[in-house]
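What follows is a short report on a single structure.
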Amino acid sequence: MPDTLGANSLDTVKDGADQTFMVDVIEASREQPVIVDFWAPWCGPCKTLAPALEKAVRAAKGKVRLVKINIDENPGVAGQLGVKSIPAVFAFDRGRPVDGFMGAVPESQIRMFVDKLAGLAGPDAAAEELEVALKEAGEALALGDVGGAAQIYAVVLQADPENIKAIVGLARCYLAAGEVEQCAQRLSSPALRLPAPTRRRSMRRSRRTPTTTRRASTSPARSPHAEISRAP
């Protein structure tokens, strides 16, 4: 039987079970957030996700814990949570689920998920994570992985709803998928509009334009022939 998290306060990644779920997850999450990874030995995406998830949790330096539950041996809690496919990741805080995702996702998305839960990402760190995610999304789109790119852009927009790069990137994904109407809706986002001061300056310039035109009209007209004769 797996040891409980309480057996070793420094154990941030460990195996769990149905019978220890209350101690490992519910009670432990009252002290700090706990991530639960539901997996199975036969699941290929689970093997891809696990190392990145463990790496991100350990990088949080004890502010988040990870409990890994093999659903073949422990189907009870997974069934109660309505898990239909794996990998399935749930985040618990203060005794209840607060966030989660399903499937193998990019490492940048995993880091953002863990950092958000741990409360580690300050303004600079958060901005850096978003830039990494945007780069990965752009690379995915360039390789033709429209769905993967769209997923990353959507995650960035959850963290920063007015991120222009993500808005435009998601619009490009819709366009690549032939969803022109969705593309247009994204491009109509208020975040892409000119700020008010810029619009006012543009309006002032447009008001001056007629005056300039009138002044030009008072100058003597020059014929094309006259202009040619002036040329050296």
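The values are calculated or read from the model by the stated rules, or taken from the named source; none is laboratory data. Everything quoted here is computed from the prediction, not taken from an experiment. Note that each Cβ is placed from the backbone with ideal geometry, even for glycine, and that neighbours are counted across all protein chains shown.
Restricting the range 53-85 to residues that are among the basic types (Lys, Arg) and part of a strand (DSSP E or B), which is surrounded by the fewest Cβ atoms within 10 Å (Cβ to Cβ)?
Going through the range 53-85, the residues among the basic types (Lys, Arg) turn out to be 55, 58, 61, 63, 65, 68, 84.
Right, trim to part of a strand (DSSP E or B) and you get 65, 68.
Values: 65: 24, 68: 19.
Among residues in the range 53-85 that are among the basic types (Lys, Arg) and part of a strand (DSSP E or B), the one surrounded by the fewest Cβ atoms within 10 Å (Cβ to Cβ) is 68.
When residue 117 is evaluated against the numbered criteria (1) in contact with a strand residue (DSSP E or B) (Cβ under 6 Å, 6 or more places away or on another chain); (2) assigned by TED's automatic domain parsing to the domain that holds residue 37; (3) modelled with pLDDT under 90, which criterion, by number, is the only one it fails?
For residue 117, the exception is condition (2).
(1) closer than 27 Å to residue 107 by Cβ; (2) at pLDDT below 90: which one isn't true of residue 170, the others all being true?
If we test residue 170 against (1) closer than 27 Å to residue 107 by Cβ; (2) at pLDDT below 90, just (2) comes out false.
The conditions are (1) surrounded by fewer than 19 Cβ atoms within 10 Å (Cβ to Cβ); (2) assigned to a helix (DSSP H, G or I), and residue 141 fails exactly one of them. Which is it?
(1)
Just to be sure I understand, how many residues within the range 163-173 are under 16 Å from residue 128 (Cα atoms) and not basic (Lys, Arg)? Full working, then the answer.
Our first condition is that a residue be under 16 Å from residue 128 (Cα atoms); within the range 163-173, this holds for 163-166.
Right, trim to not basic (Lys, Arg) and you get 163-164, 166.
Number satisfying all stated conditions: 3.
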